[in-house]
1. Can you tell me how many residues in the stretch 84-99 are touching a residue at least 40 places away in the same chain (Cβ under 8 Å) and either within 16 Å of the ligand (Cβ to nearest atom) or basic (K, R) (or both)?
2. Would you be able to say whether some residue in the stretch 35-44 is more than 16 Å from the ligand (Cβ to nearest atom) and either in a loop (DSSP other than H, G, I, E, B) or modelled with pLDDT of 95 or more (or both)?
3. Being touching a residue at least 12 places away in the same chain (Cβ under 8 Å) and surrounded by fewer than 19 Cβ atoms within 10 Å (Cβ to Cβ) is the filter here; which residues of the stretch 26-36 pass it?
4. Cβ-Cβ below 9 Å, separation at least six or inter-chain, first residue in the stretch 39-58 and touching a residue at least 24 places away in the same chain (Cβ under 8 Å), second within 16 Å of the ligand (Cβ to nearest atom) and of a type in the set (D, E, K, R): which pairs?
5. Working only within the stretch 119-136, note down all residues that are touching a Ser or Thr at 6+ places or on another chain (Cβ under 7 Å) and within 12 Å of the ligand (Cβ to nearest atom).
6. What's the number of the condition E189 fails, among (1) surrounded by fewer than 22 Cβ atoms within 10 Å (Cβ to Cβ); (2) over 19 Å from N65 (Cα atoms); (3) acidic (D, E)?
7. State whether one or more residues within the stretch 93-107 are modelled with pLDDT of 95 or more, among the small types (G, A, S) and in contact with a Ser or Thr (Cβ under 7 Å, 6 or more places away or on another chain).
8. For the structure I just gave you, tell me whether A205 is in contact with a helix residue (DSSP H, G or I) (Cβ under 9 Å, 6 or more places away or on another chain) and closer than 21 Å to R14 by Cα.
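The values are calculated or read from the model by the stated rules, or taken from the named source; none is laboratory data. These figures come from a predicted structure and were not determined experimentally. Glycine also receives a Cβ, built like all others from the backbone with ideal geometry; neighbour counts cover every protein chain displayed.
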Amino acid sequence: MEVIIKRTPAEGCRLAARLAATLIHRKPNAVLGLSAGKTPLPLYAELIRLHREEGLDFRQVTTFNLDEYLGLGPNDPRSYHFHMRETLFKHINIPASQIHIPDGLTRDVPRACKEYDEAILAAGGIDLQILGIGRDGHIGFNEPTSSLSSHTRIKTLTQETIHANNRSFPSHNEMPLHVITMGVGTIREAGCCILLAFGEAKARAVSKMVEGPITALVPASILQLHPHAIAIFDKAASRRLSLTPYYQHAYKNKPSWQRYE
Ligand code: GLP
């Protein structure tokens with residue numbers, strides 16, 4: 001896993017946006033895996049800026065979001081559909097038919113999950129998957145003990161995740177308990193994964209993911225087995241890492257042909 005430590009979330013997200021934009025320039029019909037949550041918001045803001053000011057073209061891009069709450073429709077302001085529309089999709093020129101997010105209102109969850117995985121395959125697989133990380137080390141909504149080869153399916157949220165994510169919900173009781181999420185195996189199949197983590201609250205999960213054992217107790221640790229995983233942190237999130245001087249040394253001394261910036 002490549003570890004890159006930036007001074008601020010804004011700097012980290014600018015780098016992630018640059019990597020996504022480079023991919024789209026090289027492959028205009030790229031397939032992006034996207035994440036909801038607060039962490040990637042500056043990345044989406046930068047993609048919108050690149051679209052408006054530098055003509056970054058999303059006409060042929062296809063996207064697949066990681067997850068959605070079960071029971072919430074696309075117009076529910078608490079849903080990830082709504083969140084993604086407001087923070088990214090309505091500001092760029094991606095056709096609606098190329099946007100995919102699990103259906104929180106499906107009446108047949110197993111079938112909807114199977115069809116989601118099939119749609120990813122039919123699109124040619126995900127080229128670049130953007131990830132955040134939960135405080136308990138989850139990616140997507142793959143909570144601790146998730147199968148490391150799972151595909152899209154229903155999961156039950158932990159109390160910790162319910163607590164951490166309930167800021168968009170007026171009361172704790174209204175948080176859905178169940179979600180549909182791409183599996184750890186689905187995420188592993190992406191050509192490249194960029195995981196973003198910022199702030200002190202993520203430091204413990206970050207150190208377990210990067211420097212701990214690969215374990216279903218920390219689903220993000222599966223990225224240690226990914227051939228092309230890039231983790232971008234700010235200083236606060238990287239605070240508990242023990243090999244920081246090495247990560248900084250390696251990034252500073254990348255051969256010119258491998259540099260991102
Ligand atoms: C949710 C999402 C994850 C996200 C995590 C962290 O659980 N399902 O994909 O990474 O929250 O959210 P935030 O970025 O708001 O800290």
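1. First, pick out the residues of the stretch 84-99 that are touching a residue at least 40 places away in the same chain (Cβ under 8 Å): 84, 87-88, 91-93.
Within this subset, residues satisfying the condition of being either within 16 Å of the ligand (Cβ to nearest atom) or basic (K, R) (or both) are 84, 87-88.
Residues that pass the stated criteria total 3.
2. Scanning the stretch 35-44, I find no residue that is more than 16 Å from the ligand (Cβ to nearest atom) and either in a loop (DSSP other than H, G, I, E, B) or modelled with pLDDT of 95 or more (or both), so the answer is no.
3. Once the filter is applied, which keeps residues that are touching a residue at least 12 places away in the same chain (Cβ under 8 Å) and surrounded by fewer than 19 Cβ atoms within 10 Å (Cβ to Cβ), the stretch 26-36 yields K27, P28, N29.
4. T39/K202
5. Correct list: I130, L131, G132, G134, D136.
6. Among (1) surrounded by fewer than 22 Cβ atoms within 10 Å (Cβ to Cβ); (2) over 19 Å from N65 (Cα atoms); (3) acidic (D, E), the lone unmet condition for E189 is (2).
7. yes
8. Criteria not met by A205.
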